[in-house]
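Read the structure below first, then the notes.
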Amino acid sequence: MKFRLYLGVVGALLLMASCKDNGGSEVVDVQFVKPSHFPEPVYNFAENEVTTEGFVLGRTLFYDGKLSRDNSISCGSCHQQSAAFTHHGHDLSHGIDDQLGSRNAPPVMNLAWQSTFFWDGGVHDLDLFSLAPIENPVEMDEKLDVVLEKLRNDPRYPPLFNAAFGTPEISTGRLLKALSQFMLMCVSADSDYDRMLLGTGPDLSTEAMAGMETFNQKCASCHSGVLFTDYSFRNNGLNRAFNQDAGRERITLNPEDRFKFKVPSLRNVARTGPYMHDGRYYNLEAVLNYYASGMVDQENLDPLLRKSDGTPGIDLSANEKENIIAFLKTLSDEQFIRNPELAEQ
Amino acid sequence: MKNIRIAGYLLLTASLLVFTQCKKDDDNDPNETGHFEMEFDNIVGGEELNLGTGTYTNAAGETFSVTLLNYYISNIELIRADGSVYAMPQDSSYFLVKESDDASHAIEIEDVPAGDYTSVRFVVGVDSLRNTMDIGQRTGVLDPANNTGDDNMYWTWNSGYIFFKMEGLSPQAPVDPGGLNKYRFHIGGFGGMSSPTINNVKTVTLDFNGVKALVRKDAHPHAHIFVDVAKVFEGETTVKIAENSTVMFSPFSVNIANNYQHMFVVDHIHQ
């Protein structure tokens with residue numbers, strides 16, 4: 001079968017299908033196909049074409065605790081498919097030895113369209129991303145050379161690397177590119193919203209349609225386009241009293257970037273709580289209440305978040321908030337979170 | 001008669017020697033290549049650097065030791081008297097000098113076209129292009145897997161190489177969370193990928209002080225370079241450990257990079 005990004009019900013059935021070869025092992029034909037209503041991806045596929053074998057290797061690595069110091073934490077520990085590859089229910093993620101990180105785990109989703117990674121954009125290439133959680137002392141806390149050695153000594157891996165890259169050599173570049181191949185295939189483009197947009201599914205509810213209208217007027221200048229983000233870094237006026245994380249300024253050293261964080265995509269947002277870079281809001285109601293009336297005026301507050309009288313916030317009635325939430329729920333992609341090819345095997 | 005004959009032989013031999021010498025001097029057959037070695041000899045002021053055991057005094061009068069010293073040297077170019085340049089092939093032009101590893105102190109440049117070289121130019125650190133290059137092309141000293149633990153020279157959270165890393169103890173350093181009076185300088189920053197930021201990539205040119213390093217098929221000169229880490233603390237900015245015991249990715253790092261670009265000097269050339 002082809003694990004492609006077919007849209008609509010037929011595509012969904014294909015995605016769920018599987019077949020067996022004579023040896024009884026699962027055979028999938030994996031390739032990256034851009035959803036028709038998405039922009040061109042920014043990832044450089046010329047240097048790392050997604051192949052079935054590369055994807056299978058990447059998936060094995062993604063779910064392997066060997067990437068951590070005590071073999072207990074895998075990428076999938078904090079990026080769980082059922083929560084659109086976030087750490088559901090965790091404001092901050094606990095990594096190795098139950099140590100807490102400082103930011104909320106973002107979803108592994110639609111990364112082929114993303115040109116910077118992390119809330120502060122500190123990493124500019126998906127292939128360089130995985131180094132960070134592997135070596136972060138509060139995430140996986142493992143040394144890269146030790147990871148490579150563990151993989152070389154695991155009889156499963158040399159054949160998987162051979163299949164993916166032509167020789168059994170296990171190197172930094174191959175490890176990272178295989179992980180990228182798996183993550184690149186974590187594409188979410190098949191929500192009720194997408195089906196409505198493409199005319200392959202039913203209309204959205206009246207509430208959701210009303211919510212979409214309000215959303216387009218009041219939220220879409222930042223959460224823009226079909227990916228629901230412009231990938232910019234903005235200060236959205238959170239109360240900084242108990243969290244002085246400087247955000248983007250840590251990367252640029254530019255004081256104008258203080259407290260700016262990346263605008264997150266809202267795809268699958270109903271499943272990716274808690275919200276904000278530090279996970280301070282546990283549900284979407286709290287988020288919308290915050291945007292309506294909880295914002296704190298401060299230096300660097302994004303100008304788009306000021307009302308015409310200069311005060312911070314977005315005018316939202318109770319009804320508008322409910323409708324926006326109804327709309328946001330149409331961005332949930334059941335095929336994405338249930339796709340067995342993306343799950344631990 | 002016999003003496004005259006011997007004298008004649010000697011004269012002949014001497015003239016042959018002179019002739020050979022002249023030929024050697026003038027022969028710049030571009031197809032002929034030799035090699036050139038750069039030796040990075042880390043010192044502190046006028047003293048030998050003894051890793052972990054030596055104690056030294058910086059320009060601010062503070063006492064310090066050096067427990068770790070690593071820095072990248074890259075993009076090496078040898079320059080002839082007429083200004084023409086031999087640049088090492090880029091892919092093989094990255095070196096990590098580690099005080100803890102004697103073998104890393106000598107950089108051997110192979111296949112240098114024969115010529116009379118009078119200076120050398122190199123980057124202290126890693127150029128911005130290589131900082132943003134595909135991971136598959138980052139091998140050897142640029143592979144993050146080859147420099148891990150204390151020797152780590154790559155920032156994973158803010159993609160880019162650490163160009164210069166120096167750590168040690170100093171009674172003037174405030175006590176760190178591990179209970180040590182330690183200073184840590186981890187200097188990097190290639191200018192930023194999506195937004196501009198600090199650029200600590202430094203290009204250094206070292207003159208051979210009027211000496212010509214003659215590279216020939218059978219002549220392999222060797223530049224002995226003193227690297228005086230006392231210079232890290234002095235120059236445009238006097239760096240005080242008491243005030244800046246931890247300098248990593250921060251605006252102040254620019255001052256340290258501006259200082260350390262002057263720590264290299266060619267002491268002599270071995271022909």
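Could you list, in sequence order, the residues of the stretch A:100-118 that are under 23 Å from A:Thr252 (Cα atoms), modelled with pLDDT of 95 or more and more than 14 Å from chain B (Cβ to nearest Cβ)?
A:Leu111, A:Trp113
List the pairs whose first member sits in the stretch B:241-270 and is within 14 Å of another protein chain (Cβ to nearest Cβ), whose second member is among the hydroxyl-bearing types (Ser, Thr, Tyr) and buried (at least 18 other Cβ atoms within 10 Å of the Cβ), and whose Cβ atoms are under 8 Å apart, counting only residues at least 6 apart or on separate chains?
B:Val247/B:Ser253
Looking at the stretch B:89-115, which of the residues that are among the hydrophobic types (A, V, I, L, M, F, W, C) and closer than 20 Å to B:His270 by Cβ is farthest from the chain's Cα centre (by Cα)?
By that ranking, first place goes to B:Ala114.
Residue by residue through the stretch B:191-210, note down the ones that are in a loop (DSSP other than H, G, I, E, B), open to solvent by 60 Å² or more (accessible area, probe 1.4 Å) and more than 14 Å from chain A (Cβ to nearest Cβ).
Those that are in a loop (DSSP other than H, G, I, E, B), open to solvent by 60 Å² or more (accessible area, probe 1.4 Å) and more than 14 Å from chain A (Cβ to nearest Cβ): B:Asn209, B:Gly210.
Can you tell me which residue is farthest from the other protein chains (Cβ to nearest Cβ) among those in the stretch B:152-176 that are open to solvent by 20 Å² or more (accessible area, probe 1.4 Å) and under 20 Å from B:Phe64 (Cβ atoms)?
The residue in question is B:Pro171.
Looking at the stretch A:204-222 only, could you name the residues that are open to solvent by 30 Å² or more (accessible area, probe 1.4 Å) and of a type outside the set (Ser, Thr, Tyr)?
A:Glu207, A:Met209, A:Ala210, A:Met212, A:Glu213, A:Asn216, A:Gln217, A:Lys218
Looking at the stretch B:220-271, which of its residues are in a loop (DSSP other than H, G, I, E, B) and more than 25 Å from B:Pro171 (Cα to Cα)?
B:His220, B:Pro221, B:Gln261, B:His262, B:Gln271
Could you list all residues from the stretch A:121-132 that are outside any loop (DSSP other than H, G, I, E, B) and either at the interface with chain B (Cβ under 7 Å from one of its Cβ atoms) or open to solvent by 10 Å² or more (accessible area, probe 1.4 Å) (or both)?
Answer for the stretch A:121-132, where residues must be outside any loop (DSSP other than H, G, I, E, B) and either at the interface with chain B (Cβ under 7 Å from one of its Cβ atoms) or open to solvent by 10 Å² or more (accessible area, probe 1.4 Å) (or both): A:Val123, A:Asp127, A:Leu128, A:Phe129, A:Leu131, A:Ala132.
I'm checking my understanding of the structure. Among residues of the stretch A:26-80 that are in a loop (DSSP other than H, G, I, E, B) and among the small types (Gly, Ala, Ser), which one is farthest from the other protein chains (Cβ to nearest Cβ)?
Among residues in the stretch A:26-80 that are in a loop (DSSP other than H, G, I, E, B) and among the small types (Gly, Ala, Ser), the one farthest from the other protein chains (Cβ to nearest Cβ) is A:Ser36.
Quick check on the stretch B:77-95. Is at least one of its residues within 26 Å of B:Ser245 (Cβ to Cβ) and outside any helix (DSSP H, G or I)?
No, because not a single residue in the stretch B:77-95 is within 26 Å of B:Ser245 (Cβ to Cβ) and outside any helix (DSSP H, G or I).
Report yes if some residue within the stretch B:214-226 is within 14 Å of chain A (Cβ to nearest Cβ), out of contact with any Cys (no Cβ under 8 Å at 6 or more places or on another chain) and either more than 18 Å from B:Tyr56 (Cα to Cα) or open to solvent by 60 Å² or more (accessible area, probe 1.4 Å) (or both); otherwise report no.
No: zero hits.
So which residues in the stretch A:133-159 are open to solvent by less than 40 Å² (accessible area, probe 1.4 Å), among the hydrophobic types (A, V, I, L, M, F, W, C) and either out of contact with any Phe, Trp or Tyr (no Cβ under 7 Å at 6 or more places or on another chain) or modelled with pLDDT under 95 (or both)?
The answer is A:Ile134, A:Val138, A:Met140, A:Leu144, A:Val147, A:Leu148.
Hey, any hits in the stretch B:124-137 for a residue that's within 11 Å of chain A (Cβ to nearest Cβ), over 20 Å from the mean Cα position of the chain (by Cα) and either closer than 30 Å to B:Pro221 by Cα or surrounded by 19 or more Cβ atoms within 10 Å (Cβ to Cβ) (or both)?
yes
Say whether the condition of being touching a Pro at 6+ places or on another chain (Cβ under 7 Å), open to solvent by 50 Å² or more (accessible area, probe 1.4 Å) and more than 14 Å from every other protein chain (Cβ to nearest Cβ) is met by at least one residue in the stretch A:163-170.
Yes.
This table checks each residue for (1) open to solvent by 30 Å² or more (accessible area, probe 1.4 Å); (2) under 25 Å from the mean Cα position of the chain (by Cα); (3) hydrophobic (A, V, I, L, M, F, W, C).
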site: A:Asn268; (1), (2), (3): no, yes, no
site: A:Arg271; (1), (2), (3): yes, yes, no
site: A:Met276; (1), (2), (3): no, yes, yes
site: A:Leu284; (1), (2), (3): no, yes, yes
site: A:Ser293; (1), (2), (3): yes, no, no
site: A:Asn300; (1), (2), (3): yes, no, no
site: A:Pro303; (1), (2), (3): yes, no, no
site: A:Ile324; (1), (2), (3): no, yes, yes
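The values are calculated or read from the model by the stated rules, or taken from the named source; none is laboratory data. Keep in mind it's a predicted model, so treat the numbers as computed, not measured. All Cβ positions, glycine included, derive from the backbone under ideal geometry; neighbour counts span all protein chains shown. Surface accessibility is based on the protein's heavy atoms, side chains included, excluding ligands, DNA and RNA. Shrake-Rupley method; radii C 1.70, N 1.55, O 1.52, S 1.80 Å.
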